Amino acid sequence: MSRTTTATILSAAVLASAPAFGDDIGDNDAEIEEIVVTATFRSEDLNRVPSSIDVLDADTIAARSATHLDDLLGAIPNLNFAKGASRARFLQLRGIGERGQFDEPLNSSVGLIVDSVDLSGIGTVAGLFDVEQVEVLRGPQGTLYGANALAGLVNVVTNAPTELAEGRVEVSAGTYGAYGVGAVASGPLSDRVRGRVAVRIDESNGFIDNDYLGRDDTDNTRDRTLRGKLSWDVSTATVVDLAAGVLDAENGYDAFSLDNVRTTLTDQPGRDIQETVYGTAAIRWHGNDAFTARAHLGIATSDIAYGYDADWVHPGFHPDGYAGTDEYLRDRSTLTAQARLVSKPGRRVFNDSTDWTAGVYLFKQDVDLLRRSDFIPRDFTSAFGIDRLAFFGQIETALGNDAMLTVGLRLERHSSEYQNNDGIAFAPDDNLAGGRIALSRQLTEGAAAYGSVSRGYKAGGFNISGTLPADLLVYDPETLWNYEAGIKAQSRDGRLRGRVALFRMQRVDVQIESSLVRRPADDGAEVEFIQYVGNAAEGSNQGLELDLQYDAGNALLFARAGLLDTEYQDYITGDGEDFDGRDQAHAPRYQLNAGLEFSFGASGNYYARIEAEARDDFYFSDNHNFKSKAYQLVHASAGYRGPNWSVRAWGRNLADEDYFVRGFFFGNDPRDGYTGRGFTQLGDPRHLGVTVSVAW
């Protein structure tokens with residue numbers, strides 16, 4: 001039985017059973033907790049948004065003992081990631097997304113937003129302390145976010161200031177020298193002003209032993225987070241929200257070895273450093289009877305240093321060896337501004353049937369790059385700028401009492417400008433359009449179905465290497481059509497919840513990342529690593545996402561699954577290999593996450609939780625056939641949750657499974673004459689720890 005057939009059967013089963021979700025399955029008539037999605041034009045109930053969305057709340061984050069976004073990614077179906085650094089900086093949704101960056105430009109396929117700050121492509125600083133929830137929007141967000149969300153969006157929402165004073169201190173310690181200390185305080189500053197401040201420090205030696213240097217911390221992590229929020233009721237009709245923060249990661253990078261093990265022999269370990277400073281201001285005004293006005297301004301600056309020991313060994317390792325380092329230093333500044341008008345429920349248009357949203361969006365980003373490398377004759381510098389101006393709108397029309405039609409459109413002008421000290425310059429412009437049409441229908445009190453067609457886009461770009469053929473220097477925009485149908489349902493008492501989505505995406509002018517490596521020759525030629533992007537013909541991505549949860553009172557059962565079938569159509573690699581029909585890179589055919597949490601004791605304050613995740617094998621790249629293996633991981637935690645304090649013992653990857661989070665295929669081993677073969681970065685081994693939290 002094919003995976004597509006399996007997906008269809010699963011969807012049909014959920015469709016057939018959906019009306020039953022409107023009936024009682026127990027005697028508990030307690031009010032159902034609403035899960036709110038904030039990354040839409042209106043903060044909406046998850047079950048009413050006609051799209052495939054996952055929301056992982058603070059309880060789920062704590063249960064996985066997740067301190068960083070990459071500790072959480074395994075719980076999200078059809079979301080994969082690539083490291084090639086100290087953190088999972090690059091994300092792939094439904095098989096689409098970048099896997100690394102060396103030269104400019106980087107037009108992200110998966111957006112990453114942290115408290116309205118655009119961190120797409122630089123997620124090293126995405127910590128999870130004092131986070132309310134993580135929202136994953138799958139499929140193109142052509143109306144909502146435009147060019148940075150071709151395949152979807154990950155939105156990290158931190159906790160807001162509270163009406164009442166509260167605080168919390170958290171301390172954790174674990175294997176591999178890991179420890180963390182965090183504190184948060186929140187509450188009123190006056191009758192109209194509320195504030196919140198959170199600070200966190202996390203450190204770990206990492207999971208690598210460098211035998212040459214005799215150290216166990218060359219792949220360490222060191223994170224510092226300071227965030228503050230202020231909410232001011234200026235008047236009965238106006239609220240101003242301010243936020244600011246400093247996110248600092250000072251990590252080592254020593255992850256690759258010639259033998260694909262966690263023991264390295266580098267003499268000059270790399271580093272992966274990022275310091276981001278940001279500030280945001282948002283105004284909400286609802287003084288008009290017909291609409292609410294919302295405006296947002298965000299500014300962020302990031303200093304990024306990424307470098308590595310290119311030969312992965314020390315001098316004298318082999319007579320035919322070479323030596324050298326490669327480092328990329330970036331200064332990145334981002335400005336985003338948005339203003340929109342959102343209709344009020346009592347003032348719909350078209351005979352009180354239609355809600356509406358209209359707005360304008362401005363994005364400006366500048367990146368200055370300095371590359372220092374032993375393999376180029378002089379330091380390389382470049383300046384890259386992006387300007388985006390977009391107009392967007394959406395209407396939601398009630399078709400009777402049970403159905404809703406949603407139509408959205410976004411028109412965007414994307415301009416960029418690039419120049420470097422090799423005399424290469426580009427200034428391409430693109431006019432881009434995206435949007436969606438969705439029809440949703442309430443089947444019963446607790447179940448709704450939807451179908452949608454959406455169009456996403458990604459700007460074109462250029463390759464800067466002058467040694468590339470002229471036809472590879474510029475590539476075209478990519479567009480994506482997404483066809484999706486799904487059901488979201490829950491029992492009347494809220495104990496049983498389920499969501500299923502079936503989708504097919506058609507990619508046009510697919511942007512594919514490729515690379516060339518040129519090794520030293522007898523004539524003294526320099527090592528050259530060339531990464532470039534080109535357009536393949538087309539690609540298709542189809543599959544299913546399923547999320548089930550049952551709360552039995554003293555036990556919580558959950559299961560999430562993603563099935564994915566991808567292929568390229570009429571794609572010939574730069575080396576002339578025919579990849580027509582081959583799976584796309586970083587697109588495992590299945591991803592599973594399931595578990596059980598059980599509460600016990602007289603008051604139910606003690607608990608134990610076990611969960612497993614599984615992922616199919618997948619190709620590491622779009623220009624070779626080297627693959628990751630399939631793997632399964634088991635995580636567990638147990639502890640006590642009281643009204644004011646909690647303690648939790650936890651373990652990740654309990655079976656100490658070897659799995660891969662990045663892979664390359666090229667020649668880098670002098671022992672085999674630099675013959676091309678696969679090299680991998682290993683994921684985290686077994687990791688144990690304890691976390692204690694005290695609140696007031």
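The values are calculated or read from the model by the stated rules, or taken from the named source; none is laboratory data. Just so you know, these numbers come straight off a predicted model, no measurement behind them. Please note: Cβ atoms are built from the backbone with ideal geometry, for glycine as well, and neighbour counts cover all protein chains shown. Ligands, DNA and RNA are stripped out before the accessible areas are found, and what is left, the full protein with its side chains, is counted by its heavy atoms. Shrake-Rupley method; radii C 1.70, N 1.55, O 1.52, S 1.80 Å.
At a glance:
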quantity: When residues of the range 270-292 are limited to those that are out of contact with any Gly (no Cβ under 6 Å at 6 or more places or on another chain) and open to solvent by less than 20 Å² (accessible area, probe 1.4 Å), the one nearest to PRO670 (Cα to Cα); calculated: ASP272
quantity: Count of residues meeting criterion [over 29 Å from GLU327 (Cβ atoms) and crowded, with 21+ Cβ neighbours inside 10 Å] in the range 376-397; calculated: 5
quantity: Qualifying position, being surrounded by fewer than 24 Cβ atoms within 10 Å (Cβ to Cβ), under 17 Å from GLN681 (Cβ atoms), touching a residue at least 40 places away in the same chain (Cβ under 8 Å) and under 15 Å from the mean Cα position of the chain (by Cα), among ASP71, ASP118; calculated: ASP71
quantity: Positions within the range 205-220 being in a strand (DSSP E or B) and open to solvent by less than 20 Å² (accessible area, probe 1.4 Å), in sequence order; calculated: ASN210
quantity: Residues that are in contact with a strand residue (DSSP E or B) (Cβ under 7 Å, 6 or more places away or on another chain) and at pLDDT below 95, drawn from the range 541-558; calculated: ASN554
quantity: Scope the range 448-485; condition in a strand (DSSP E or B) and among the polar types (S, T, N, Q); matching residues; calculated: SER452, SER454, THR479, ASN482
quantity: The range 617-641, residues that are under 30 Å from VAL510 (Cβ atoms) and either open to solvent by less than 30 Å² (accessible area, probe 1.4 Å) or of a type in the set (D, E, K, R) (or both); calculated: ASP617, PHE618, PHE620, SER621, ASP622, ASN623, HIS624, LYS627, SER628, LYS629, TYR631
quantity: GLN133 being touching an Asp or Glu at 6+ places or on another chain (Cβ under 9 Å), modelled with pLDDT of 90 or more, of a type outside the set (Ser, Thr, Tyr) and open to solvent by 10 Å² or more (accessible area, probe 1.4 Å); calculated: yes
quantity: Meets criteria (in contact (Cβ under 8 Å) with a residue 12 or more places away in the chain, surrounded by 15 or more Cβ atoms within 10 Å (Cβ to Cβ) and hydrophobic (A, V, I, L, M, F, W, C)) for PHE350; calculated: no
quantity: GLY434 small (Gly, Ala, Ser), surrounded by 15 or more Cβ atoms within 10 Å (Cβ to Cβ) and either over 25 Å from the mean Cα position of the chain (by Cα) or part of a strand (DSSP E or B) (or both); calculated: yes
quantity: Meets criteria (open to solvent by 20 Å² or more (accessible area, probe 1.4 Å) and outside any strand (DSSP E or B)) for ASP202; calculated: no
quantity: Flag for GLY95 being touching a strand residue (DSSP E or B) at 6+ places or on another chain (Cβ under 6 Å), among the small types (Gly, Ala, Ser) and under 22 Å from ARG222 (Cβ atoms); calculated: no
quantity: So ALA149, is it small (Gly, Ala, Ser) and free of Cβ contacts under 8 Å to residues at least 40 places away in the same chain; calculated: no
quantity: From SER108, SER51, residue being modelled with pLDDT of 90 or more, crowded, with 22+ Cβ neighbours inside 10 Å and either under 16 Å from the mean Cα position of the chain (by Cα) or in a loop (DSSP other than H, G, I, E, B) (or both); calculated: SER51
quantity: Identity of the residue in the range 293-326, acidic (Asp, Glu) and buried (at least 18 other Cβ atoms within 10 Å of the Cβ), that ends up farthest from GLY270 (Cα to Cα); calculated: ASP311
quantity: Cβ-Cβ under 9 Å pairs, at least 6 apart or on other chains, the range 662-679 side polar (S, T, N, Q), far side part of a strand (DSSP E or B) and open to solvent by 10 Å² or more (accessible area, probe 1.4 Å); calculated: ASN668/VAL517; ASN668/ARG677
quantity: Residues of the range 142-179 satisfying the condition of being open to solvent by 20 Å² or more (accessible area, probe 1.4 Å), assigned to a loop (DSSP other than H, G, I, E, B) and polar (S, T, N, Q); calculated: ASN159, THR162, THR175
quantity: Single residue of the range 552-588 satisfying the filter (part of a loop (DSSP other than H, G, I, E, B) and among the hydroxyl-bearing types (Ser, Thr, Tyr)) that is surrounded by the fewest Cβ atoms within 10 Å (Cβ to Cβ); calculated: THR573
quantity: Options ASP223, ASP248, ASP267: the member that is part of a loop (DSSP other than H, G, I, E, B), touching a residue at least 24 places away in the same chain (Cβ under 8 Å) and either surrounded by fewer than 17 Cβ atoms within 10 Å (Cβ to Cβ) or not small (Gly, Ala, Ser) (or both); calculated: ASP267
quantity: Pick from the range 204-255, criterion hydrophobic (A, V, I, L, M, F, W, C) and under 22 Å from the mean Cα position of the chain (by Cα), ranking: farthest from PHE291 (Cα to Cα); calculated: ALA255
quantity: Residue within the range 30-43 that is open to solvent by 10 Å² or more (accessible area, probe 1.4 Å), farther than 26 Å from ALA249 by Cα and outside any loop (DSSP other than H, G, I, E, B) present; calculated: yes
quantity: The range 450-506 - residue that is open to solvent by 30 Å² or more (accessible area, probe 1.4 Å) and of a type in the set (Ser, Thr, Tyr) and, of those, modelled with the highest pLDDT; calculated: TYR483
quantity: Residues of the range 181-199 satisfying the condition of being open to solvent by 30 Å² or more (accessible area, probe 1.4 Å) and among the small types (Gly, Ala, Ser); calculated: ALA183, ALA185, SER190
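Residue-by-condition table, conditions (1) in contact with a His (Cβ under 6 Å, 6 or more places away or on another chain); (2) small (Gly, Ala, Ser); (3) surrounded by fewer than 20 Cβ atoms within 10 Å (Cβ to Cβ):
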{"site": "PRO643", "(1), (2), (3)": "no, no, yes"}
{"site": "VAL647", "(1), (2), (3)": "no, no, yes"}
{"site": "ALA655", "(1), (2), (3)": "no, yes, yes"}
{"site": "PRO670", "(1), (2), (3)": "yes, no, yes"}
{"site": "THR691", "(1), (2), (3)": "no, no, no"}
